[in-house]
């Protein structure tokens, strides 16, 4: 059974974005000796987003590192809603200091005791602020108390040998920093995004252009409420963290974006502004400037930032020649409160050397920061939850699997392996004005609540089911479906000038066991806002790593709604017609 978000991460995952969290804290109000390293609290005054604010940081310095024996540096910051004092963040500082690295851990802008507004890892703001910390590590500036870092390995005057590590909000900031500062040498962004427009308002229609998707309202509003509720966590906020009564702690454009999404409307001007802003603060818009060597780590159990996000970043970096590798680990932002599977990275246990992902991270920095001749591993690795031996849970390959298995949607509700087996027929579903399908309650498992099993109400979805599989089938990657639907109501409204009037549907894949038990893999779905219902369209489903056992059946479903997302406006019945010559096609990345 797949393992999900570790228990010790749950409180921070609730506030949307920790890589790893534990109650342990190693921060210090002043210099404190640990026996192996010292921890010194520092402040840095920076200019960011037109404001002057303070960045709160801790410097972890190994006991044997000095001007005559310098060491490379690792920088880390928190996930959304956290600070340098979170278990995930300060454990990173301690872990790397224990291994001989200088570590600088800081609270991201707008969090903890750092100033400025929350700006969603904007390279022009968050990236620039992090760059000022790299100035400190390179000896170009001192901390506010006069502390200088003359013990960091330099590649050139003012150019420290430095990497960054962290997850989610602390992952995207690495790419944002590398886009504005070429001095960064190596990155390890974990469970983070490629395009916030896709993350929060996904449209999985290939070639959908600027047609918005279905608003992921639970996750997005969780972000927003956590950001605006900062005074509950920090009663005496730095004045630089206050915007206005209309938008308390975010930059104004972030508040405008969440309000447009919550309105349920997509008028052309506001939609263009929404998409432009979300993408401007996302790696999708600035990866062409990222040259730092990058090890991407993404979680399979993640409905917030799914595997497709890391895959998009990976392909872009590879195409432009930036050295890049990728790992799909088991846990991400969603999926429950169990601990990481045996052998998985769990910094709460300090298991860098004994976990596959941990060893890969250490090798990455040893190779590119310490410049040792070590093997950094294969181009691509992925966790397999069906392997019980913790020493062999990861499979590796030099390339991403391709779409190798084709199935056809038959008019009698079957999923067949040959077009000649397609039966002519048509079937119809209709949506109601309330949601009738459930994939997940995005925050339920993270706060200890039971999440109902996924379901689809009869009459509001269509499904196609295969024959029992003759052999075990492993799917690794993002399936694709090509569809054509008939919806006269949607055809009448889709050109209204408000994209919210276009048809929305939700595609997903189930695993049906011989006893009828249904599994929606990691509770992932693919929202689609159909660009034009008079034309066929292709849907990219979220990437998965899943074994369909022999005797199980695949079931492909399109549903009218999903209660984790905003859906259709108005009633829009949908008919799917199948003939042997013209029917829907499902393509799967199946391993041989």
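Taking the criterion of being under 10 Å from residue 44 (Cβ atoms), free of Cβ contacts under 8 Å to residues at least 40 places away in the same chain and part of a helix (DSSP H, G or I), would at least one residue in the range 120-131 satisfy it? So far as the range 120-131 goes, no, none of its residues is under 10 Å from residue 44 (Cβ atoms), free of Cβ contacts under 8 Å to residues at least 40 places away in the same chain and part of a helix (DSSP H, G or I). Quick check: is even one residue across the range 332-348 within 14 Å of residue 174 (Cα to Cα) and in a loop (DSSP other than H, G, I, E, B)? The answer is no, given that none of the residues of the range 332-348 is within 14 Å of residue 174 (Cα to Cα) and in a loop (DSSP other than H, G, I, E, B). Considering only the range 280-297, how many residues are in contact (Cβ under 8 Å) with a residue 60 or more places away in the chain, over 18 Å from the mean Cα position of the chain (by Cα) and not in a loop (DSSP other than H, G, I, E, B)? Here the count works out to 2. Checking each residue in the range 59-79 for being surrounded by 23 or more Cβ atoms within 10 Å (Cβ to Cβ) and touching a helix residue (DSSP H, G or I) at 6+ places or on another chain (Cβ under 6 Å) picks out 60, 73, 74, 76, 77, 78, 79.
Only one entry of 246, 256 meets the criterion of being over 23 Å from the mean Cα position of the chain (by Cα) and closer than 19 Å to residue 49 by Cα, and that entry is 246. Being assigned to a loop (DSSP other than H, G, I, E, B) and more than 17 Å from the chain's Cα centre (by Cα), is that true of even one residue in the range 310-318? No; the residues of the range 310-318 include none that is assigned to a loop (DSSP other than H, G, I, E, B) and more than 17 Å from the chain's Cα centre (by Cα).
Table: residues versus (1) under 22 Å from residue 558 (Cα atoms); (2) at pLDDT below 95; (3) surrounded by fewer than 16 Cβ atoms within 10 Å (Cβ to Cβ).
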| residue | (1), (2), (3) |
| --- | --- |
| 389 | no, yes, yes |
| 395 | no, no, no |
| 399 | no, yes, yes |
| 408 | yes, no, no |
| 421 | yes, no, yes |
| 425 | yes, no, yes |
| 428 | yes, no, yes |
| 437 | yes, no, no |
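The rows are residues; the columns are (1) in contact (Cβ under 8 Å) with a residue 40 or more places away in the chain; (2) crowded, with 21+ Cβ neighbours inside 10 Å; (3) over 30 Å from residue 476 (Cα atoms).
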position: 253; (1), (2), (3): no, no, yes
position: 257; (1), (2), (3): no, yes, yes
position: 299; (1), (2), (3): yes, yes, no
position: 303; (1), (2), (3): yes, yes, no
position: 307; (1), (2), (3): yes, yes, no
position: 310; (1), (2), (3): yes, yes, no
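Of the conditions (1) buried (at least 18 other Cβ atoms within 10 Å of the Cβ); (2) farther than 20 Å from residue 553 by Cβ, residue 466 clears all except one; give me its number. Condition (2) is where residue 466 drops out. Looking at the structure I just gave you, is residue 66 in the same structural domain as residue 365 (by TED's automatic domain parsing), in a strand (DSSP E or B), in contact (Cβ under 8 Å) with a residue 24 or more places away in the chain and more than 25 Å from the chain's Cα centre (by Cα)? Spelling it out, it is not the case that residue 66 is in the same structural domain as residue 365 (by TED's automatic domain parsing), in a strand (DSSP E or B), in contact (Cβ under 8 Å) with a residue 24 or more places away in the chain and more than 25 Å from the chain's Cα centre (by Cα). There is no residue in the range 19-26 that is outside any loop (DSSP other than H, G, I, E, B), under 30 Å from residue 125 (Cα atoms), in contact with a helix residue (DSSP H, G or I) (Cβ under 8 Å, 6 or more places away or on another chain) and at pLDDT below 55. Does residue 166 fit the bill of being surrounded by 23 or more Cβ atoms within 10 Å (Cβ to Cβ) and on the phi > 0 side of the Ramachandran plot? Yes: the conditions hold for residue 166. Only residues that are touching a strand residue (DSSP E or B) at 6+ places or on another chain (Cβ under 8 Å) and more than 30 Å from residue 257 (Cα to Cα): list them for the range 120-140, please. 134, 136, 137, 138, 139 - these are the residues of the range 120-140 that are touching a strand residue (DSSP E or B) at 6+ places or on another chain (Cβ under 8 Å) and more than 30 Å from residue 257 (Cα to Cα).
Here residue 277 fulfils each of the conditions (1) without any contact (Cβ under 8 Å) to a residue 60 or more places away in the chain; (2) assigned to a loop (DSSP other than H, G, I, E, B) apart from (2). Listed by position, the strands (runs of 3 or more DSSP E) inside the range 502-541 whose residues that are on the phi < 0 side of the Ramachandran plot and touching a helix residue (DSSP H, G or I) at 6+ places or on another chain (Cβ under 9 Å) number at least 1 are 504-512, 526-529, 537-540. Exactly one residue out of 341, 310 is modelled with pLDDT of 95 or more and out of contact with any helix residue (DSSP H, G or I) (no Cβ under 8 Å at 6 or more places or on another chain), and it is 310. I need the strands (runs of 3 or more DSSP E) fully contained in the range 136-192, keeping only those with at least 2 residues that are touching a residue at least 24 places away in the same chain (Cβ under 8 Å), in contact with a helix residue (DSSP H, G or I) (Cβ under 8 Å, 6 or more places away or on another chain) and within 23 Å of residue 371 (Cβ to Cβ). The strands (runs of 3 or more DSSP E) meeting that bar are 162-167, 184-190.
Okay, residues lined up against (1) buried (at least 20 other Cβ atoms within 10 Å of the Cβ); (2) in contact with a strand residue (DSSP E or B) (Cβ under 7 Å, 6 or more places away or on another chain); (3) modelled with pLDDT under 95:
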position: 493; (1), (2), (3): no, no, no
position: 527; (1), (2), (3): yes, yes, no
position: 533; (1), (2), (3): yes, no, no
position: 536; (1), (2), (3): no, yes, no
position: 555; (1), (2), (3): no, yes, no
position: 561; (1), (2), (3): yes, yes, no
position: 576; (1), (2), (3): yes, yes, no
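For residue 211, are the conditions met, namely being at pLDDT below 95 and either part of a helix (DSSP H, G or I) or not assigned by TED's automatic domain parsing to the domain that holds residue 90 (or both)? The answer is yes for residue 211. The residue list 477, 459 contains one member that is at positive phi and touching a helix residue (DSSP H, G or I) at 6+ places or on another chain (Cβ under 9 Å), which is 477.
For residue 374, the conditions (1) under 25 Å from residue 517 (Cα atoms); (2) free of Cβ contacts under 8 Å to residues at least 12 places away in the same chain; (3) touching a helix residue (DSSP H, G or I) at 6+ places or on another chain (Cβ under 7 Å) are fulfilled apart from (1).
The values are calculated or read from the model by the stated rules, or taken from the named source; none is laboratory data. The structure displayed is predicted, hence computed values, not measured ones. Cβ coordinates were reconstructed from backbone atoms using ideal geometry, including for glycine residues, and neighbour counts include every protein chain displayed.
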